[in-house]
1. Could you tell me whether any residue of the range 120-136 is within 28 Å of the chain's Cα centre (by Cα), under 17 Å from GLY173 (Cα atoms), of a type outside the set (Gly, Ala, Ser) and not in a loop (DSSP other than H, G, I, E, B)?
2. Applying the selection to the range 147-164, what residues are among the small types (Gly, Ala, Ser) and either surrounded by 15 or more Cβ atoms within 10 Å (Cβ to Cβ) or touching a residue at least 60 places away in the same chain (Cβ under 8 Å) (or both)?
3. Do we have ALA86 as farther than 22 Å from LYS175 by Cα, touching an Asp or Glu at 6+ places or on another chain (Cβ under 9 Å), surrounded by 14 or more Cβ atoms within 10 Å (Cβ to Cβ) and modelled with pLDDT under 95 here?
4. Do you know which residues across the range 137-168 are over 23 Å from GLY100 (Cβ atoms) and part of a loop (DSSP other than H, G, I, E, B)?
5. Right, THR146: out of contact with any Phe, Trp or Tyr (no Cβ under 9 Å at 6 or more places or on another chain) and either of a type in the set (Val, Ile, Thr) or under 14 Å from ALA94 (Cβ atoms) (or both) or not?
6. Identify all residues within the range 89-115 that are in contact (Cβ under 8 Å) with a residue 24 or more places away in the chain, in contact with a strand residue (DSSP E or B) (Cβ under 8 Å, 6 or more places away or on another chain) and either assigned to a loop (DSSP other than H, G, I, E, B) or closer than 17 Å to LEU170 by Cβ (or both); write none if there are none.
7. Residues of the range 81-126 being closer than 15 Å to ILE145 by Cα and either aliphatic (A, V, I, L, M) or touching a Cys at 6+ places or on another chain (Cβ under 8 Å) (or both), which ones?
Amino acid sequence: MPVLAGLLKMRSIGQAFALGLLVLLAACTTAPSSPGRAAPGRVPLAAPTPAPASPEAGGTPTDAAPLSMGSASDLPRPALLAGEPAREFERGAASWYGPGFHGRLTASGERYNMNAFTAAHRTLPFGTMVRVHSLVNGRDVDLRITDRGPFSRNRIIDVSRAAAAELGMLGLGFKEVVLLVPESTAAPVAAPPRPVRKSQRSARRVPVPKVR
């Protein structure tokens, strides 16, 4: 009987030792991470956001349309003329005069210089700045009135040779233009009508009968 009791005691000790060993192994084992969860101690990294392209890098933003710069001829000229807003004054044909009048005295007392930007007009005061805009090619030039003319009724202004070259009318001789003047320029004063000449014939005398 003592031998059987000893065997039973040793068996219970072995079972207790095996159970303790299993508990120790279970504590040291790490449970596997479930799908969809990050492992302990690790922070998930977000996907990098692409930076917008900068002008220095040569990129163009996708939500902005590229700007198209027009040529110099498409850009509008300043609206000011001699420091004032410009207004339309007259429309008609322009002509030019050059070598035959170069160096001669003009109506204002100045010497005509065909290489200067001047013009002749019938009514505008001397020294007035006028912008001549071509209706043929869209060119324009600012001129100073120094002379009187033109003397042809179907033309409104005579420009210098330099102005004609700027307007592209050297080959044409004349072209249709619009004249613009500063807003403060007075309207031209119409010339007074010529007085009606009275007949130089003397009235006939009616003979008076003599009384005797």
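The values are calculated or read from the model by the stated rules, or taken from the named source; none is laboratory data. A quick note: this is a predicted structure, and the numbers were derived from the prediction, not measured. In this analysis, Cβ positions are derived from the backbone assuming ideal geometry, glycine residues included, and neighbour counts consider all displayed protein chains.
1. First pass over the range 120-136, keeping only residues within 28 Å of the chain's Cα centre (by Cα): 128-136.
Going one step further and asking which of them are under 17 Å from GLY173 (Cα atoms), we end up with 132-136.
Okay, now just the ones that are also of a type outside the set (Gly, Ala, Ser), so 132-133, 135-136.
Still in the running and not in a loop (DSSP other than H, G, I, E, B): 132-133.
Yes - at least one qualifying residue is present in the range 120-136.
2. Our first condition is that a residue be among the small types (Gly, Ala, Ser); within the range 147-164, this holds for 149, 152, 160, 162-164.
Listed by number, the residues that qualify are GLY149, SER160, ALA162, ALA163, ALA164.
3. Values: farther than 22 Å from LYS175 by Cα: no; touching an Asp or Glu at 6+ places or on another chain (Cβ under 9 Å): yes; surrounded by 14 or more Cβ atoms within 10 Å (Cβ to Cβ): yes; modelled with pLDDT under 95: yes.
When the stated conditions are applied, ALA86 does not pass them.
4. Residues of the range 137-168 over 23 Å from GLY100 (Cβ atoms): 137-140, 142.
Once the filter is applied, which keeps residues that are over 23 Å from GLY100 (Cβ atoms) and part of a loop (DSSP other than H, G, I, E, B), the range 137-168 yields ASN137, GLY138, ARG139.
5. Numbers: out of contact with any Phe, Trp or Tyr (no Cβ under 9 Å at 6 or more places or on another chain): no; either of a type in the set (Val, Ile, Thr) or under 14 Å from ALA94 (Cβ atoms) (or both): yes.
No; evaluated as a whole, the condition is false for this residue.
6. Scanning the range 89-115 gives ALA93, ALA94, SER95, TRP96, TYR97, THR106, ALA107, SER108, GLU110, TYR112.
7. Start the filter on the range 81-126 by keeping residues that are closer than 15 Å to ILE145 by Cα, which leaves 81-82, 89-90, 94-97, 105-126.
Those that are closer than 15 Å to ILE145 by Cα and either aliphatic (A, V, I, L, M) or touching a Cys at 6+ places or on another chain (Cβ under 8 Å) (or both): LEU81, ALA82, ALA94, LEU105, ALA107, MET114, ALA116, ALA119, ALA120, LEU124.
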